[in-house]
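Worksheet for the structure shown next.
Values in this text are rule-based calculations from the coordinates and carry no lab data. A quick note: this is a predicted structure, and the numbers were derived from the prediction, not measured. Cβ atoms come from the backbone with ideal geometry, glycine included; neighbour counts cover every protein chain shown.
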Amino acid sequence: MLLLLLAGAVPGINLGLSPGGGVGPGNEVPLTFDQAAAQANGSAATVGPGPWYVTDANGFDVLNVVPGTTFSAFQNYSYYGCSTVAGPTAPPNIPAHSGNYTQGTLIAWYFILYEPSQYVALYLLVLSSTTNILGTVTGSSCTVAESIRAAPGWTLNSPAIAQAAGAVYDIASAYPQGDAELTYTPGDSLYGVSSQWLVTYIGCDSTNQTSQVFLAYVDGTTGAVTSSQSSGSSSGCSTTNPFGP
């Protein structure tokens, strides 16, 4: 998939920001990366015409509810020469484990999109059919927006990435309960850098109070696992979200 998100024909950049669609609690549907990116694209169209590029994406599937406040602390980058605008609504809580990590479908996806012509970085949280615009960072002299800019890249969808990691170590079978995160970083054709995924799974055995962490780096173009590692612990299972955006 070419990560060039073409938005609608809305002139200029609307820093008033419009909220996305809605979904009631308990009706959430886990999404693949491609599905979530398409929803993010639709909401980006309400901010400006684009083109928009995915510069960062994190998919979450967790055992415990993640408070919306985890994503609502929007930093003030004014001292970097940036202007910031917070989103129109507070992001919702992310519900407990509802996706299927082994199939690459996750309950929530956090995105940063970049629009180079207007120097705008757009932060979004996709939860089922809801896309929450968290805010923007913008400014022609904004070093933060400049630093997260990335060239568009190709990547396999999240099901292929999860399956590649699972072929190295099927930790989800050994630990059916666990927290999963898929982190995407686009490639850069100028420097010949491929897109990359980091697959993180923290398995929990609540009966024996043991846990295990598995990490795998997967090439987004070929699906090859470039490195992986795992480590165990007998200190019990976490009752809080181990990840952050």
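Taking the Cβ-Cβ separation of THR222 and SER117 as r and a Förster radius of 41 Å, what is the calculated FRET efficiency to the nearest 0.05? Before the final figure, lay out the partial values.
On the way: r = 32 Å, r/R0 = 0.77.
Given R0 = 41 Å and the Cβ-Cβ separation, E is 0.85.
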Work through the residues other than ALA160 whose Cβ is under 12 Å from its Cβ and net out their charges, Lys, Arg +1 and Asp, Glu -1.
-2
